[in-house]
């Protein structure tokens, strides 16, 4: 069950935890854009990815996520890696930089590197998202989400309702996970084996989990709707907040740092800058 | 079927800020064939303890021996035959009605037996027997469990465990949310199963049930065994420290004695024997 907990909020007191959720989301979006820049050569692509990785690693450490948890959540990525590699090998290339031959079929370096590039980007993306989810309370996240969508309210977009749905969904993830483990245990004591057995037995085992889960979730949602109505919940009403998010100077600096980071990446990308050529006069692919 | 805990500790969410020790170095021998009550305040580790008996969780430290099955923190020592254990130890969770999922009542009750390797006919026969035991007749067999009332659903869920004919039956708060008649019926059912020689372990907050049914009481406090005793001895003590409540019967006797009625406590088991004792008491 621990794999579900990958993106869970963990209460530490780091500067990333204390950061304003809006600033944090915005900064992390900046970082994500930076990760997705394209560069003049392979060497530059991976150098910049390495640079981004160092920065993200520092953020991971600072938010107490740790490399271990990142690696754990990446454990299923090998399937993706093989899939990407196969796709890129089958796609034709313009370059003739051959890595090796399988029979008479040429495997190009470009396919391998392209697959590696996508994989590295994915890993960086996951790491960035983990920093966000591990250091931000779900409620703060939905508040920030609503704040970002606020301009859309002018054209009648139900920003508050959407934020409410999101916060309820987030709020109930741990509850439903608790349900899952409770039902799994109850069925396990009736002899269900969720881990072993052939595919048909596993499917049957899943049915014995999913049906009760649906039933209890429906019951719960109905109860929640009733409880909200009893307290006079009105999505259109103007409401006050218990906690008011304050945007501090530190948040501004942190956002500016990320913006500067993105600017550097954009500069390198747009000018086709190649540090190997410019600084050491090397010619690399 | 004896159950023996040796230095068992259990820690939830190890190595995270949520780390929490539910059991701390528990040593416990549960006698065979007894009606055992497991009591203690919320969060004292009762649920964790019973899940260790059924090998639903593995101890962080120490081992639990259930007959020849060993549930140990040491992987090499741990027994493999989990299905055999599940057949011997039946666990009825709190609000068991939430585990129903089949289209018909009889299929749901037979589900456990089929998982443990019984043939379809055998499982169905056991299911019908179990349904008769809990007081549901043949008209229920083909009905959907989801259209039953709450009390009937719980009976079906309990039948699902009884059908596996366990040697140890663990029940967690079986009367929670039931009306008085239904809770009396449920408890009578467990008592009759106990009379057939099954070890019953009852987890409860209701001291009236403990005084009425239990032979042995295990008191858990903050993850440790605070006491293993009989209901009579337990209720003489000050129960406030465990956040337990003295049952109505014992409170009545105490007040009567305080008013000067000389009652023979040993003979008092229920309301009828109390009335008898009052009649025969000397002022």
Can you tell me which residues in segment B:44-66 are away from chain A (no Cβ under 14 Å) and over 17 Å from residue B:204 (Cα atoms)? B:59, B:60, B:61, B:62, B:63, B:64, B:65
So residue B:89 ticks every box in (1) more than 14 Å from every other protein chain (Cβ to nearest Cβ); (2) under 22 Å from residue B:196 (Cβ atoms); (3) in contact with a strand residue (DSSP E or B) (Cβ under 8 Å, 6 or more places away or on another chain) but one. Which box is left unticked? (1)
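Each row is one residue, and each column tells you yes or no for (1) farther than 29 Å from residue B:117 by Cα; (2) surrounded by 14 or more Cβ atoms within 10 Å (Cβ to Cβ); (3) in contact with a helix residue (DSSP H, G or I) (Cβ under 6 Å, 6 or more places away or on another chain).
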position	(1), (2), (3)
A:194	no, yes, yes
A:200	no, no, no
A:212	no, yes, yes
A:218	yes, no, no
A:221	yes, no, no
A:226	yes, no, no
A:231	yes, no, no
A:236	yes, no, no
Residue B:3 vs (1) more than 14 Å from chain A (Cβ to nearest Cβ); (2) surrounded by 15 or more Cβ atoms within 10 Å (Cβ to Cβ); (3) free of Cβ contacts under 8 Å to residues at least 40 places away in the same chain: all pass except (3)
Looking only at segment A:254-263, decide whether some residue is within 23 Å of residue A:166 (Cα to Cα), away from chain B (no Cβ under 14 Å), assigned to a helix (DSSP H, G or I) and at pLDDT 85 or above. no
If you go through segment B:11-18 one residue at a time, do you hit one that is at pLDDT 90 or above and closer than 20 Å to residue B:219 by Cβ? no
Just to be sure I understand, how many residues within segment A:53-79 are surrounded by 15 or more Cβ atoms within 10 Å (Cβ to Cβ), more than 16 Å from the chain's Cα centre (by Cα) and assigned to a helix (DSSP H, G or I)? 2
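Quick one: count up the residues across segment A:156-171 that are surrounded by fewer than 16 Cβ atoms within 10 Å (Cβ to Cβ) and without any contact (Cβ under 8 Å) to a residue 60 or more places away in the chain. Step through it out loud before you land on a result.
Step one: of segment A:156-171, the residues surrounded by fewer than 16 Cβ atoms within 10 Å (Cβ to Cβ) are A:156-158, A:161-162, A:165-166, A:168-169, A:171.
Next, from what is left, pick out any that are without any contact (Cβ under 8 Å) to a residue 60 or more places away in the chain: A:156-157, A:162, A:165-166, A:168-169, A:171.
Number of matching residues: 8.
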Residues that are more than 18 Å from the chain's Cα centre (by Cα), at least 2 per element: which strands (runs of 3 or more DSSP E) completely within segment B:178-283 meet that? B:224-229
Determine if segment B:263-281 includes at least one residue that is surrounded by 12 or more Cβ atoms within 10 Å (Cβ to Cβ) and either touching a strand residue (DSSP E or B) at 6+ places or on another chain (Cβ under 8 Å) or in the same structural domain as residue B:94 (by TED's automatic domain parsing) (or both). yes
Residue A:213 is checked against (1) within 14 Å of another protein chain (Cβ to nearest Cβ); (2) at pLDDT below 90 and fails just one. What number does that condition carry? (2)
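The values are calculated or read from the model by the stated rules, or taken from the named source; none is laboratory data. None of the values given here were measured: they were computed from a predicted structure. In this analysis, Cβ positions are derived from the backbone assuming ideal geometry, glycine residues included, and neighbour counts consider all displayed protein chains.
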